[in-house]
2 protein chains.
Amino acid sequence: MAPESQALSDAPLPAQDNLSIARQARLWPIEEIAHRLGVPGDTVEPYGRGVAKLDLAALNALERRPRGRYVVVSAITPTPLGEGKTTTAIGLVQGLQQLGHGATVAIRQPSLGPTLGLKGGAAGGGLSQVVPMERINLHLTGDIHAVTAAHNLLAAMIDNHLHQRRGVALDPRTVRWLRVLDLNDRALRHIVTGLGGRGDGVTRQSGFEITAASEVMAVLALADSLADLRRRLGRMVVGETHDGEPVTADDIGAAGAMTALLKEAIKPNLLQTLEHAPALIHAGPFGNIAHGNSSILADRFGIHGSDYLVTEAGFGADMGAERFFNIKCRSSGLKPDTAVLVVTVRALKYHSGRHDVRPGQPLPAAMQTESPQDVQAGASNLIKQIDNIRAHGITPVVAINAFPTDHPSEHAIIRDIAAAAGVRAAVSTHVRDGGAGAVELADAVAEAADQGGDFRFLYPDALPLADKIERIATRIYGADGIELAPQARRQLEAFQAQGHGHLPVCIAKSHLSLSADPALLGAPSGWVLPVREVRLSAGAGFVYALCGDIRTMPGLSAEPAASRIDIDDDGEIVGLF
Amino acid sequence: MAPESQALSDAPLPAQDNLSIARQARLWPIEEIAHRLGVPGDTVEPYGRGVAKLDLAALNALERRPRGRYVVVSAITPTPLGEGKTTTAIGLVQGLQQLGHGATVAIRQPSLGPTLGLKGGAAGGGLSQVVPMERINLHLTGDIHAVTAAHNLLAAMIDNHLHQRRGVALDPRTVRWLRVLDLNDRALRHIVTGLGGRGDGVTRQSGFEITAASEVMAVLALADSLADLRRRLGRMVVGETHDGEPVTADDIGAAGAMTALLKEAIKPNLLQTLEHAPALIHAGPFGNIAHGNSSILADRFGIHGSDYLVTEAGFGADMGAERFFNIKCRSSGLKPDTAVLVVTVRALKYHSGRHDVRPGQPLPAAMQTESPQDVQAGASNLIKQIDNIRAHGITPVVAINAFPTDHPSEHAIIRDIAAAAGVRAAVSTHVRDGGAGAVELADAVAEAADQGGDFRFLYPDALPLADKIERIATRIYGADGIELAPQARRQLEAFQAQGHGHLPVCIAKSHLSLSADPALLGAPSGWVLPVREVRLSAGAGFVYALCGDIRTMPGLSAEPAASRIDIDDDGEIVGLF
């Protein structure tokens, strides 16, 4: 291992940015990657160079094979910059390959909005990337566009229903189904539609969200077959009749055509890492009002086609991993064997409360000087997130994602914290070194996964919805309790009465704190989770609770990433990183 | 040839609908189709079964080969049901194949909006279809979605520009760049955006159009390379400064990222007809406010890869063919050799003014009884459209698209009309019989194409814009003149002054009449074309004149096609036809 003090960076490497590295990659034919995954050639549909869709028919044969280990990659509460879960997941499978194992990574499809808005690409970094990178970051195989089309078809049919005044008497004031676009466009958050004349529809206040926030996206990620997708879409609730009865997508007559629009999108996309490990990129539900995990179908391909399937869950362990356990695994019936908790020196320093980190700005110089004390001062968040994984019967491995500004003394402190908590830890230099830099981590993860756990849900189906929220708030977030706004209490009572009490809950709160207040770092105590409103995703199969100000349509900054993106004289894309 | 009185129908055949026929088709590997087109395998990128994108790099080698004949398929002024240009174009290439020629068809990508709205699929019919049909009618390779994303990125960046108040001082009251979706959604025609609070953008009145109406789509269809696409996108005008200076997409900083979003979409899509002729489906600009023709790049592939490239132009010869000649060919520099004018018995009967035809309703019984008199009574439209083709130095072939309700006496009248006008005519039963039913037509077209024409534009670049409009109105539409509204006159003067006077013009009027009034059938005379407003498409490179009420965002009917579309127990799509 190289001296950590000269290690690597998540930021572009000195001479080579991510796009340059990705473009120099020599891709293997995607059929060979499919072969690694055990998928027969006649169920592999190439979609442009280096990308294929996998026909669901291949799952039947694949699932007769023994299943591999199921590893979920989560993180401590991140800084606004992110702590490298995606690069770690990719590096880990490359490390497992170095050890001679078959390993597949499953990640979400990045949303176009943020790619063109703030952060550029999202397909890993350095020598731990999935390729072809431009395809992943722009349209891939069009799945997100298909979700947009299906979602907006339902919206158009709802407005047409109100306009034509036929069928079920939908009350226009109760329509909760907004429209979506995969863009950052603040001007669409609050709009009035149906202006113009009598022939131009019914005037209503409405709005757009980003496509990742669509219930259709959550449904796509949780469906286990095309027929299941059809049923889930049909039962989505879009509003109420004048008598307060729920009106569904099936009542509007839209769910069949929506399913037809998603017939290709339900097939997982296969790509490869720079070291030719299979990479499944499928579905990208929002990490706040949805569960923030890639698709169950992709995981099923990987878990039966590899010794290890490494899947990434969005945000920190209190967010993505908790939903992975209690929503995704509850829906799939699959049981994880271990979890990886990504930690960085900078994030622990941040949790010390002694530094300020802002997206789009360089790290403060004070965070880059050697300070094991600052790292130790932020330990509470790591310790709490380890505990959050253990609450589900799983023992995590701490992955120290090394940066060039790190110091050995700082890594040593993290190892000490992990050891004190009784879990394995490993330093990983996968961004600079690819799989070779992740061998220590791969070894620790393989050992933990083979040892396995005793996976359990945090709460039973039968627990009332309000109690589920309280269980997550107190046991995972460390709150003293919850405070339901009167509206939220009424909604929970209504959902219980309508027969939705068995559903799991998804709590929409800040991802920058264990609490609902992004300013509270470390492992805050002595606070109460305020629940403003509760909504039903009857198709996805969960209830979500809004805590604090949750934005579902981002805006562009004064200098959007898109303004730097262009093509060069050779017709290659530049500025996407 | 089968007796015409028992011939075929454009409507679903008795036992087999279009989708059933399409689904039973045995597709050849798309690489073999590409080989037919002379495209080397390493420039063919499969996109799912039976679909490929063609890398533009292949054009260099291909264009060293001699070019084949260039045939444009147009029609007389159609009834609201359409007269089968697409089926005829597909049938014709299959007929040319039967005669031993290499032939390729180029058609527009159908828009999702109408497919889900009113009419179902648009990939031909019966035994003259392009397959795989579900792919064509739903997303194909996502090109339209890419246009939607690129268009709306610019819209979001415009609103962000207004919100952030940086750079060029765009006057919000002058912003003409709407947003687009590929759906029929009347409630989005007139909206107010940017409501909410201070952080939610600038409040403006705006709206959505269907994606086919986007200038980005027109640009995609006319660009001859990625670099040309970049330049055209950059010069699109989105509004004005407070001083009245034009503000372009380049001023907003969006054109580079828009080009990156269209990097795959610029590659033509290759599919096959039921008889395995190459079919290029690429771009789908609106037939009203845009030129309504498929892409120049697709035509260039087909024209150099085949003995005959048959390309379809939208609506009647006064609309799509006139723009094919004066906008598309002016931009490409390609010269057509002949044209096909599709005519049906029902359309000529309709032009007699004795019958009423409405979309979505069966033909009146009176139109199905034998009546060569009614056919003769509608002849003026056919004669005028023949003349309209000839005005460009090209001699058309009249293609009689046979229906089961036709009678031999009615076909005989059409042959007489064509003979009197001095042009070839042929009956085609391609919907029922595939290429075998189009052999007579193929023979006539090959003869006409080999004989060639003396192609000329209707007007020179140097003619002032107002005179160009008048030339089209009087020479093609048969108007006595034009009447410019004061606003239109001011706009034309401004465009002339800004240096756009050399551009061709595109006239947006009803496609159901040679005039701007859909109620005027046959070849109306004694009328004046009213020009309400004139707009600039600086990127596409034309000025368009709005005559009458032109709708750019359709609505859904009381029973949208989408409500009949679903998947069956085998996961196959039903209800799409």
* **Under Karplus coefficients 6.51, -1.76 and 1.60, residue-wise ³J(HN,Hα) of the range A:197-213 in Hz, glycine/proline x** => x, 4, x, 10, x, 9, 6, 8, 8, 8, x, 10, 10, 6, 4, 4, 8
* Structure fact -> Copies of B:Arg173 compared via label points 7 Å along Cα→Cβ give distances in nm, shortest first, of 3.6
* **Options A:Ile266, A:Ala365, A:Ile389, ranked by Cα towards positive dipole end of chain A, top entry (Cβ charges)** => A:Ile266
* Structure fact -> In Å, the Kirkwood estimate of hydrodynamic radius for the range B:145-255 over Cα pairs equals 14.5 Å
* Only loop residues by DSSP count here, and only those with at most 16 other Cβ atoms within 10 Å; note down the trypsin sites (Lys or Arg not before Pro) in the range A:290-389 that meet that. => A:Arg354
* Enter the Cα centre distance for the pair the range A:397-411 and the range A:207-281, rounded to the nearest angstrom. => 39 Å
* Residues with amide H under 5 Å of A:Leu274's amide H, sequence separation 5 or more or different chain, H placed in the peptide plane at 1.01 Å from N; which? -> A:Gln129, A:Val131
* Specify which residue in the list A:Ala156, A:Ala227, A:Ala146 is farthest towards the positive end of the charge dipole of the range A:143-261, using unit charges on the beta carbon of Lys, Arg (+1) and Asp, Glu (-1), about the Cα centre. => A:Ala156
* Asked: Counting pairs of Cα atoms in the range B:242-392, how many percent are more than 26 Å apart?
  -> 48 percent
* Past 27 Å, Cα to Cα, is the threshold; run B:Lys85/B:Lys384; A:Lys267/B:Lys263; B:Lys263/B:Lys468; A:Lys53/A:Lys468; A:Lys267/B:Lys85; B:Lys328/B:Lys349 against it and keep the listed order. => B:Lys263/B:Lys468; A:Lys53/A:Lys468; A:Lys267/B:Lys85; B:Lys328/B:Lys349
* Asked: Relative to the other copies, what are the label-point distances for A:Pro486, with labels 7 Å from Cα along the C-beta vector, expressed in nm at one decimal and sorted shortest first?
  -> 5.8
* To do: Determine the dipole magnitude for the protein assembly as shown: charges of +1 sit on the beta-carbon of Lys and Arg, -1 on that of Asp and Glu, nothing else is charged, the reference point is the Cα centre, and the result goes in debye to the nearest 20.
  => 1280 debye
* **Per DSSP, loop trypsin sites (Lys or Arg not before Pro) in the range B:92-188 with at most 15 further Cβ within 10 Å** => B:Arg165, B:Arg166, B:Arg176
* For B:250-262, mean number of other protein chain Cβ atoms within 10 Å -> 6
* Asked: Dividing the convex hull volume of the Cα atoms of the range B:305-461 by its residue count, what figure in Å³ per residue is obtained?
  -> 131 Å³
* **Ranking of B:Leu140, B:Leu309 by count of other Cβ atoms within 10 Å, fewest first** => B:Leu140, B:Leu309
* To do: Please order A:Arg232, B:Arg432 by the number of other Cβ within 10 Å, starting at the fewest.
  => B:Arg432, A:Arg232
* Formal net charge of residues neighbouring A:Leu492 (Cβ-Cβ distance under 15 Å; K, R +1; D, E -1) -> +1
* Taking chain A as the reference, fit the longest principal axis to its C-alpha atoms, fit the long axis of helix A:379-390 to the helix C-alpha atoms, and give the angle between the two in degrees, 0 to 90, nearest 10. => 60 degrees
* Treat each spin label as a single point 7 Å out from the Cα along the C-beta direction, and report the A:Ala365 to A:Trp28 distance in nm. => 4.7 nm
* Structure fact -> Sequence order, the range B:358-372: Karplus ³J(HN,Hα) from phi using 6.51 cos²θ - 1.76 cosθ + 1.60, θ = phi - 60°, Hz rounded, Gly and Pro as x, gives 10, x, x, 10, x, 4, x, 4, 4, 7, 9, 7, 4, 7, x
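Multiplying the sequence separation of A:Gln496 and A:Ser225 by 0.36 nm and subtracting their Cα-Cα distance, what value in nm do you get?
Residue separation times 0.36 nm, minus the Cα-Cα distance, leaves 94.8 nm.
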* Structure fact -> Phi-derived 3J(HN,Hα) across the range B:175-185 with the Karplus relation (6.51, -1.76, 1.60, θ = phi - 60°), rounded Hz, x for Gly and Pro, is 5, 9, 7, 7, 9, 9, 9, 8, 8, 8, 8
* Using a label point 7 angstrom from Cα along Cα-to-C-beta, what distances in nm, from shortest up, separate B:Glu31 from the other copies? -> 0.6
* In the range B:145-255, what percentage of the DSSP-assigned beta bridges are antiparallel, given to the nearest 5? -> 70 percent
* Amide proton proximity set for A:Ala106, modelled H, under 5 Å, gap of 5+ -> A:Leu280, A:Val310, A:Thr311, A:Glu312
* Would you list B:Cys506, B:Cys329 from fewest to most Cβ contacts within 10 Å? -> B:Cys329, B:Cys506
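Bear in mind that the values in this text are calculations on the coordinates, not laboratory data. None of these values were measured; they are calculated from a predicted model. Here the Cβ is made from the backbone with ideal geometry for all residues, glycine too, and neighbour counts use every protein chain on show.
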